[in-house]
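A.B. asks: Sending over a structure as structure tokens; questions will come in a sec.
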Amino acid sequence: MIRTASFTRAFLETGPPVWLLTIVMIVLQGNERGLSQIFVFFIPLWGALRLNQPDIPFLAQLEYTFKFCLAHITAMLVVIYAAGFIFYTAGAISEPPSWAAFSNTVFSLMVTMFIPFFTVRGLLSLSDSFRKTGMLTDSSPEQGEEKGRIFAIDAVRGWVMVFMALDHAMYFCYVHIFAEGFQNLRPDPMPDTLHYLTRFVTHYCSPTFIFLAGTSVALYAISRKPYLTERQITKTLATRGVLLIVLQMVIVNWVWGFATKTGWSLIYFGVLACIGSGLIILAFARRIPYPLVVIGSVTLLLVTPLLLNTFTVQPGVDQPVLEIFLQPDSEGWLSSYYPVLPWLGVMGLGYACGVVVGRRPEKTTRLFLALGIILLVFWLLLRSGGGYGNLTVYQGRDWRDFMLMSKYPPSLVFLFWNLGGMSLAIAGHNYFKMRLPFKRLWDSIVLLGQTPLFFYVVHLYLYRMLSLIPVLRGSLTAGYVAWLIGLMVMTILCRRYQALQRAHPDSILKYI
């Protein structure tokens, strides 16, 4: 049983400093709205992690963490609201605390906490029945924790997590830098070189995540084949896909502002929903003959430009099926930036490469070196030609215009460039893996690559909180500082999460 004394001590240790700093921030910023979000998640999470006890059942720890956070948030909101009245009366702030804003904050936080908590708790309560069906019994002494993991893939995924964090730090703490094509729209004016490169390097993220999601499906299926039936593997993969879609709709969309900000869409179909949908499809499609998967994936990649030109979005008309499966759109009740079909071929290609790597690991370097060279050669031919595969055409300006490619939807040249670079990176990491210096740095990068879903969800909230600190917003430099601070915090959290995940290999954490 978790001792009440430890709860009280941690609550009192973390509480007053948090409230004091929040009150100071209220005075500096001039209002109380939104400031509590800096600490509402991060500080209670810190306190909960400090109280983690390995001998306590995971479900009990989950309930305890929830109660800890709930108590902390309730006390914090009361203090903030009371402090708002005091400072308004003293003339330190210009407006009195708004009861409507206060109640909306409470409601939003409660919904944000209760829905995930009861979702996870409900899934955990089914663990025993899952084990009876074999869904949660895929660990074995022979397997070990690192079975099926490849250093180069984890490292490259870790690097793109770092790039992604940079993009989101800029979005929350500075501004969204527009340096790609979006449905025939171009940035005007073109960002300067530093801003352009800050955004450009992050373009590797989505293609790499989705490609490696397919690779992970193949590696998982191969490593579990001796211990699970094909049906059990399919169930696990499909369950993970459903979980990703739920996380997108319940947890991730809220932090972006969908369904909460005036003028924003009610539902956002983002990258997690896209990957989740692809996992569900691939969970079943992987059981058809391997050559057909390869041919189908390559064909889908090559014919997607034709489909995009044939089935177009009608302005002012909601077309949810088209927007979810083919055409990105930001208007109406549904925003879809990552429709399924343009990215499904990428995931299928990743699966095809994963099968080769999983069966013949010694071919990893050659395979990805050849793939990278082929993709980059075709990228140069297509981009220079300016015809098929170019949704954002080169207009003869400087190098920024030449490298300006459509991401929403992804053009062939966009995919070839980014997947080509990713492939060369995997080949290089695999070739030099035993000769890389700065081992602690690489251990941290690999750690981020091994906990991608946890990193993705938590880092969004972290950067949103950091954006509420005045010195960490409003400029490119502030965005870079916030990015580095966020990476340090996320490295600590990911290390703790990985330890918790390994301590409970048969819990719901295996899907996250």
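The values are calculated or read from the model by the stated rules, or taken from the named source; none is laboratory data. Since we're looking at a predicted model, the values are computed, not measured. Note that each Cβ is placed from the backbone with ideal geometry, even for glycine, and that neighbours are counted across all protein chains shown.
A.B. asks: So is residue 296 of a type in the set (Gly, Ala, Ser) and exposed (fewer than 13 other Cβ atoms within 10 Å of the Cβ) or not?
C.D. replies: no
A.B. asks: OK, next. Could you go through the stretch 305-321 and let me know if any residue there is of a type in the set (Gly, Ala, Ser), assigned to a helix (DSSP H, G or I) and out of contact with any strand residue (DSSP E or B) (no Cβ under 7 Å at 6 or more places or on another chain).
C.D. replies: no
A.B. asks: Ok, one more. When you check residue 292 against the structure, is it aliphatic (A, V, I, L, M), part of a helix (DSSP H, G or I) and closer than 20 Å to residue 338 by Cα, yes or no?
C.D. replies: In short, no.
A.B. asks: I'm trying to understand the selection: among the residues of the stretch 285-341, which are modelled with pLDDT under 90 and closer than 29 Å to residue 353 by Cβ?
C.D. replies: none
A.B. asks: Just the residues that are under 25 Å from residue 268 (Cα atoms), of a type in the set (D, E, K, R) and without any contact (Cβ under 8 Å) to a residue 60 or more places away in the chain, please, taken from the stretch 284-330.
C.D. replies: Answer for the stretch 284-330, where residues must be under 25 Å from residue 268 (Cα atoms), of a type in the set (D, E, K, R) and without any contact (Cβ under 8 Å) to a residue 60 or more places away in the chain: 318, 323.
A.B. asks: Can we say residue 394 is touching a helix residue (DSSP H, G or I) at 6+ places or on another chain (Cβ under 7 Å), of a type in the set (Phe, Trp, Tyr) and assigned by TED's automatic domain parsing to the domain that holds residue 188?
C.D. replies: When the stated conditions are applied, residue 394 passes them.
A.B. asks: Still on this model: Having 2 or more residues that are outside the structural domain of residue 360 (by TED's automatic domain parsing) and modelled with pLDDT of 95 or more is the bar; report the helices (runs of 4 or more DSSP H) wholly within the stretch 148-267 that clear it.
C.D. replies: Output list reads 151-173.
A.B. asks: Before we move on, is residue 281 surrounded by fewer than 22 Cβ atoms within 10 Å (Cβ to Cβ), in contact with a Pro (Cβ under 8 Å, 6 or more places away or on another chain), hydrophobic (A, V, I, L, M, F, W, C) and under 27 Å from residue 332 (Cβ atoms)?
C.D. replies: No: the conditions fail for residue 281.
A.B. asks: Another question, if that's okay. Check off (1) of a type in the set (A, V, I, L, M); (2) in contact with a helix residue (DSSP H, G or I) (Cβ under 6 Å, 6 or more places away or on another chain); (3) within 25 Å of residue 402 (Cα to Cα) for residue 175 and give me the number that stays unchecked.
C.D. replies: Result: residue 175 passes all but (2).
A.B. asks: Still on this structure, I have one more. For residue 335, state whether it is buried (at least 20 other Cβ atoms within 10 Å of the Cβ), part of a helix (DSSP H, G or I) and of a type in the set (Gly, Ala, Ser).
C.D. replies: no
A.B. asks: Given (1) at pLDDT 95 or above; (2) of a type outside the set (Val, Ile, Thr); (3) not in a loop (DSSP other than H, G, I, E, B), where does residue 384 come up short, assuming only one miss?
C.D. replies: In the conditions (1) at pLDDT 95 or above; (2) of a type outside the set (Val, Ile, Thr); (3) not in a loop (DSSP other than H, G, I, E, B), residue 384 misses (1) alone.
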